[in-house]
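Inspection log for the structure reproduced underneath, given as structure tokens.
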Amino acid sequence: MKSKSSGPQAPGSGPRAQSPGLPKIMNAEKRKAGEKSRPQRASREKETRRKGERAAPKSGRRWAKALDRHPNMQRAPKKETNMQRAEIIAKGDVQKVGLRDTVQIIGRDLGLSGIVKNQEPYDVAIVAEGEKDALDKFIAELKVERRAIKVRELEVHWREATGEFPYFKILRGDWQEEMGERFDVAVGILHTMLEKQDATLEKQDASISVMKEIKMDTSEIGTVRKEVSATRKEVSRGSDEIVSTIKATSMEEKYEELRQEIAEIKAAIEDLKAKVS
């Protein structure tokens, strides 16, 4: 049997020594990982270009390298918008009638931002920002005339939009003033309801009177029918009398004719007798 060598081992040999082919395998795995991540990077870059956005470079060198790799990647131009600001003063019956709530609803429906508030002594101030077309529709819909609200005049001043309003909201006063205004609005609505109720009752009374008149007319029609029936009966009796009278007259005339004929016959017989004798 051969004895194992116990002498010094050569460098790079032994159980812990690295295999000569291991660096190549690791490099191949890195390349595969890079090839797998490359489509993902390309997809992200394509999505970035589609949205017209780009990630901010951490340094000028990295940004320059990115432009070298993708010369067509440019910042997309910003979409031109026609954002404007309308400052409006509404005059008329506009305070304590619920106009501010109506303005807020109209502004939010049209996608505008801004504020609405009471302005002493009797007006309502409105500031709205948004697209010009939406602002034009907003101003047209502000000419409200329903229930107690009557907007008689609108003063409009155009300015550049500032973007200071995140949404459309109502700027209210202190709680006592707001409570008093709500109470006034409720009282106004109650008065309107009472007026409508009175108008309804008046119409109902008019309808009842018309129905009574119709009923009276109907009863009169019955009376007229009775009178017509009686008249018809009288006419019938008169007709019978006339017919009977005509008949009686006709019989008397015939009787008179017969009597004359008989008298003539008697006279003729007497003449014959006188001649014969």
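Here, each number is a calculation from the coordinates, and none is a lab measurement. Because the structure is a prediction, the values reported are computed rather than measured. Neighbour counts are summed over all protein chains in view; Cβ atoms, including those assigned to glycine, are modelled from backbone coordinates with ideal geometry.
Its Cα centre serving as origin, segment 83-172 has a Cβ charge dipole (Lys and Arg +1, Asp and Glu -1) of approximately 380 debye. Extension gain for LYS226 to ILE246 (0.36 nm times residue separation, less C-alpha to C-alpha distance): 4.2 nm.
Over all other residues within a Cβ to Cβ distance under 14 Å of LYS266, the charged ones net out to -2, with Lys and Arg as +1 and Asp and Glu as -1.
Determine, for ASP93, ASP136, the number of other Cβ atoms within 10 Å of each Cβ, and report the residues in order from fewest to most.
Working: ASP93 17, ASP136 13.
The fewest-first ordering by Cβ neighbours comes to ASP136, ASP93.
Would you mind ranking ILE105, ILE149 so that the residue whose beta carbon has the fewest other beta carbons within 10 Å leads the list? Ordered by Cβ neighbours within 10 Å, fewest first: ILE105, ILE149. Distance between the pseudo-spin-label points of ARG259 and ILE139 (7 Å out from Cα toward the beta carbon): 11.6 nm. Extending 7 Å from Cα along the Cβ direction at ASP101 and again at LYS273 yields two label points whose distance is 13.0 nm.
For segment 83-172, what's the relative contact order in percent, using C-alpha pairs closer than 8 Å and at least 6 residues apart? After rounding, I find 46 percent.
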